[in-house]
Amino acid sequence: MSWVPVNASAWPSILALASRYHPALPEAEEVLRAKAEAAPEGCAVWEVEGKVLGYALAHPWTLGRVFPLNTEWHVRPEGPAVWYLHDLVLAPEARGRQASQRWVEHLRSLARTDGSSALALVAVYGSGAWWRRLGFRTEPLAAGAVLDAAYGEQAEYLVARI
């Protein structure tokens, strides 16, 4: 069991997991693929005995800004950089194996290497307390930035400083 780079054979599993665990937050396949192609070091699948039981998609972004859902990412933006954890999904049988903690540590390492100041995400489905256990905290959005209602009523913008 480990995080491994996304490859072509993983996409059916990624799409099935996204559909199953994010039915209220649908994103097109090409949108998800664009993230993995543009920032492969921030995207991986969690495999257990060769079976994909989770995926994570992260990319550079700007501190205090929420990345819009169902939007392709291609170019690193200007401004204070963060690694934006766009999505982390683990099937129930993958939980309890430190996968999330390992992924956050991987992102922290990426951030240190490229000089990013933090990790950021939007916690959905009331998961903010869980992310706080991994070092994330509520921070205000940048002036003029908004948290898209598409993320749901319980959505929170969270940041983990490096």
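Computed quantities for the displayed model
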read-out: Of residues in the range 125-135 being aromatic (Phe, Trp, Tyr) and under 17 Å from residue 66 (Cβ atoms), the one surrounded by the most Cβ atoms within 10 Å (Cβ to Cβ); value: 131
read-out: Search result, residues across the range 29-40 that are of a type outside the set (A, V, I, L, M) and either surrounded by 17 or more Cβ atoms within 10 Å (Cβ to Cβ) or in contact with a strand residue (DSSP E or B) (Cβ under 7 Å, 6 or more places away or on another chain) (or both); value: 33, 35, 40
read-out: In the range 72-107, the residues that are loosely packed, with under 13 Cβ neighbours inside 10 Å and in contact with an Asp or Glu (Cβ under 9 Å, 6 or more places away or on another chain); value: 74
read-out: Residue count for the range 127-149, restricted to those that are at pLDDT below 95 and closer than 19 Å to residue 88 by Cα; value: 2
read-out: Any strands (runs of 3 or more DSSP E) falling wholly within the range 47-162 and containing at least 2 residues that are out of contact with any strand residue (DSSP E or B) (no Cβ under 6 Å at 6 or more places or on another chain); value: 51-62
read-out: Residue, farthest from residue 62 (Cα to Cα), within the range 108-124, restricted to residues that are of a type outside the set (Val, Ile, Thr) and surrounded by fewer than 15 Cβ atoms within 10 Å (Cβ to Cβ); value: 109
read-out: Matching residues in the range 1-28 - criterion: being in a helix (DSSP H, G or I), closer than 13 Å to residue 87 by Cβ and out of contact with any strand residue (DSSP E or B) (no Cβ under 9 Å at 6 or more places or on another chain); value: 15, 19
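Here is a yes/no grid of residues against (1) under 14 Å from the mean Cα position of the chain (by Cα); (2) over 22 Å from residue 23 (Cβ atoms):
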site	(1), (2)
50	no, yes
55	yes, no
64	no, yes
69	yes, no
82	yes, yes
91	no, no
100	yes, no
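The values are calculated or read from the model by the stated rules, or taken from the named source; none is laboratory data. Since we're looking at a predicted model, the values are computed, not measured. Heads up, the Cβs are rebuilt from the backbone with ideal geometry, glycines too, and the neighbour counts pull from every protein chain shown.
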